[in-house]
Amino acid sequence: MRSWLRQPGLISALPVAAFLLVGFAGPLLMVIGFSFMPPRTFSLAQAPTLANFTSVVTDSYYVSFFWSVSLAAITVLLLLLVSYPIAYGMAKLFGKWANLVTVLVVIPLLVSENIRLFGWVLFLLKNGILDGSLKALFGLGAPQILYSVPAIVLGLVYVYLPFMLFPLVIGLSLVPDVLKEAAADMGASRLQIFREVELPLAMPGVLIGSMLTFILALGSLAESKILGGQAIVMIADDIESAFTFAQNWPKGSVLSVLLIAFSGALVFFLFRRVDLDRIIGRR
Amino acid sequence: MTDSQPILQLKNIVKRFGEFTAVDGIDLDISEGEFFTIVGPSGSGKTTIIRLLVGLDRPSAGEILLNGACINDLPANRRPTCMVFQSLALFPHKTVGGNIEFPLKIAGAPAQRRRERAVELMELLRLPVDYYDKHVLQCSGGEQQRIALARALAFDPAILFFDEPLSALDYRLRKTLEKELKDIHRETGKTFVYITHSLEEAMVMSDRIGIMRDGRMVQVGTPHAIYNRPRDKFVAQFMGEVNTLQVSKIDERHVRARSSGDQFEVAAALDGFEQGFLIIRPEVVKIGSSAETLANRVSGTLFNDYSLGSRLQYQVRSSNDGYHWLVEKLQDEAYEGALDEEVVIGWRPEDSILVAE
Ligand SMILES: Nc1ncnc2c1ncn2[C@@H]1O[C@H](COP(=O)(O)OP(=O)(O)OP(=O)(O)O)[C@@H](O)[C@H]1O
Ligand SMILES: [Mg+2]
């Protein structure tokens, strides 16, 4: 027997490794392979071509890329604005009530995302819960945002809130109060304390939350379909129709590969430029 | 120490946390340029009082006056005071230079000016100037202590507060930094308010010392006065190991020890003294032949001797009541008796201190 076969750790890891190989790496490699196959083919055994890559430009797929990237960026900015105060409260102010907030934020995650988004449709619909109630109470309806970009952004912010909130809570609870007191003692105003002490020290949480929600929003599909109607097409939507409706696997593959490459490059460069350990002074 | 008008006045300061009273009515005047040290055991309210003075907490009652004006409602960032924290509170995400310059940056000083001042302060505190770009957590404990001090000096406060900044350092480094702190005090001429639980540390540095116990200031005075005239048993014992006998008054010049019934002569009884404690420091007690002619004598057996480096300590068990007397001598005054042998110890009436209960 070879020596590595006698190591219990390696042997125990084999099933999982095999599963990952077949279930994760395999499909990924196939997607990469298909992106080089001629359009509308269903076999990997053909001469590789770059036709799919050029068609991304000629068929204007960059428009849906643009929408996905911009909406993801807007979502991250809004999430930072919304989550920061809540996270601050949970980390520093609420005390034992912070657990209650955690539960309230987590419970909706137990319900399928699509169902929650349909809930928003009912809420925002013309003569729906919001519009209807306002009409009945004040005789004035709500602005109609359903099936438009603002509704998509609303959905994205709503769905991905926990993924921004919890990293921020951890980031903020890593900021020692005594450092903020020291800053105040040396004349810093609240704004200066925020800028000079709190934000830099909470940066690991801010970055991780932003990264997480940006990538999730970048690949999102349900929000634009359910709340956006036909308003815009996001890249994940294009990928889905390429694989299903259009039956053009190479086209779907090339879009997936580009999306993965973009997200991967973003994460790679961000975490190479910012050293999290350095930010919080561990090194 | 100057005797100009007090820069800082505390008028009946009280701080409660819920039911608990951490600071219980403190009155104190601190003069401009003074090195004032607050000494007290753990939990006596030292940190609490300093937090009130720099404005991080608000007193529950009482008034704080700075140069005669009440500053109770002035928030910490608008008070001309600065504190070096027990934990130093250096900013881990900034370099040494970034930390020292922090107060100047807050005040909006231009980068060039900030850097000059930081380098100046680093030289004053004997920090290598090439540490400017070093990360602050890569510095040693003693260096970090100096950085914290430099940062506080950069703020240029009217009063500088220190909350046991040296307590985490080893003995020798602490001694060095105590002396340096004293030098910095002299060079800058600023008012320093220092907290420690070590009276020895307080003695080295202070113009005056305030002794705290359970949220009250039990005695305030010069190191000399506190050492020689402790107000009560607590203060006396705080100064280190002492011989303490519970006594009651016989007449103006004599007291009787409770446990042994022995009668001792004192220099003079306190006004209205009925009973209390007789404090005799180990170093004033004579042992052997030099004790035999003294007014106050106790006989016992020698049951232990230790070397304390430059000094020797003997323990003598009194034959009357079994009290363990401490006697300290310099090496060249060593007592040559054998253990378990009879020995006489004694002291002059003027070397003992009588304190009320
Ligand atoms: N925020 C607070 N809430 C409740 N009690 C407090 C608070 N801060 C301090 N105390 C209590 O007040 C008392 C005095 O605390 P303080 O920190 O002033 O002591 P200290 O003299 O600085 O002690 P040490 O030498 O250990 O630092 C302690 O019994 C402490 O438990
Ligand atoms: Mg303390």
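Every number here is computed from the coordinates shown, using simple stated rules; none is lab data. Just so it is clear, the structure is predicted and the values come from calculations on it, not from any experiment. Counting neighbours? That spans all protein chains shown, and the Cβs are built from the backbone with ideal geometry, glycine included.
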Exercise. Taking N as the number of residues in segment A:1-84, what value does Rg over Cα atoms divided by 2.2 N^0.38 Å take?
Worked result: 1.80
For this session: Evaluate peptide A:193-204: per residue, the Cβ atoms of other protein chains within 10 Å of its Cβ; return the mean as an integer.
Result: 2
Seminar exercise, completed: Taking r as the C-beta separation of A:D59 and B:R113 and R0 as 51 Å, the FRET efficiency to the nearest 0.05 is 0.30
Seminar exercise, completed: Links exceeding 28 Å between C-alpha atoms in this model, out of B:K46/B:K190; B:K11/B:K46; A:K96/B:K134; B:K15/B:K182, come to A:K96/B:K134; B:K15/B:K182
Exercise. Taking every pair of alpha-carbon atoms in segment B:103-169, what share in percent sits in each 5 Å bin, from 0 to the bin with the longest distance?
Worked result: 4, 15, 27, 25, 19, 8, 2, 0
Exercise. What angle, in degrees between 0 and 90 and rounded to the nearest 10, separates the Cα long axis of helix B:141-155 from the longest principal axis of the Cα atoms of chain B?
Worked result: 60
For this session: Can you tell me the 0 to 90 degree angle between the C-alpha axis of helix B:111-124 and the longest principal axis of chain B, rounded to 10?
Result: 20
For this session: Return the lysines within reach of B:K286: Cα separation strictly under 18 angstrom, same-chain partners fewer than 8 residues apart disregarded; answer none if there are no such residues.
Result: B:K329
For this session: Could you name the aspartates and glutamates whose alpha carbon sits less than 14 Å from that of B:K175, not counting residues in the same chain fewer than 8 places away?
Result: B:E164, B:D183, B:E200, B:E201
Problem set entry | Average beta carbon contacts from partner chains per residue of B:98-105, 10 Å cutoff | 3
For this session: Percent of Cα-Cα pairs per 5 Å bin, from 0 to the last occupied bin, for segment B:153-284, please list those.
Result: 2, 9, 16, 17, 16, 12, 9, 6, 7, 4, 1, 1, 0
Exercise. Can you pull the mean other chain C-beta count within 10 Å for peptide B:76-88?
Worked result: 4
Exercise. Near A:K92, which lysines are there with a Cα under 17 Å away, not counting those fewer than 8 places off in the same chain?
Worked result: A:K180
Exercise. Can you give the convex hull volume per residue for the Cα atoms of segment B:221-357, as a whole number of Å³?
Worked result: 106
Exercise. For the protein assembly as shown, what Kirkwood radius comes out of the mean inverse Cα-Cα distance, in Å?
Worked result: 31.7
For this session: Just rank B:I26, A:I232, fewest to most, by other beta-carbon atoms within 10 angstrom.
Result: A:I232, B:I26
Seminar exercise, completed: Karplus-derived 3J(HN,Hα) from phi for segment B:203-209 (6.51 cos²θ - 1.76 cosθ + 1.60, θ = phi - 60°), whole Hz, x at Gly and Pro, runs 4, 4, 9, 8, 7, 9, 10
Exercise. What span do the alpha-carbon atoms of segment A:60-280 cover on each of the three principal axes, reported in whole Å from largest to smallest?
Worked result: 63, 51, 29
For this session: Neighbouring Cβ atoms within 10 Å as the yardstick, rank A:L270, A:L172 fewest first.
Result: A:L270, A:L172
For this session: Round to the nearest 10 and give me the degree value, 0 to 90, for the angle of helix B:96-106's Cα axis relative to the longest principal axis of chain B.
Result: 70
Exercise. Share of antiparallel DSSP beta bridges in chain B, in percent to the nearest 5?
Worked result: 75
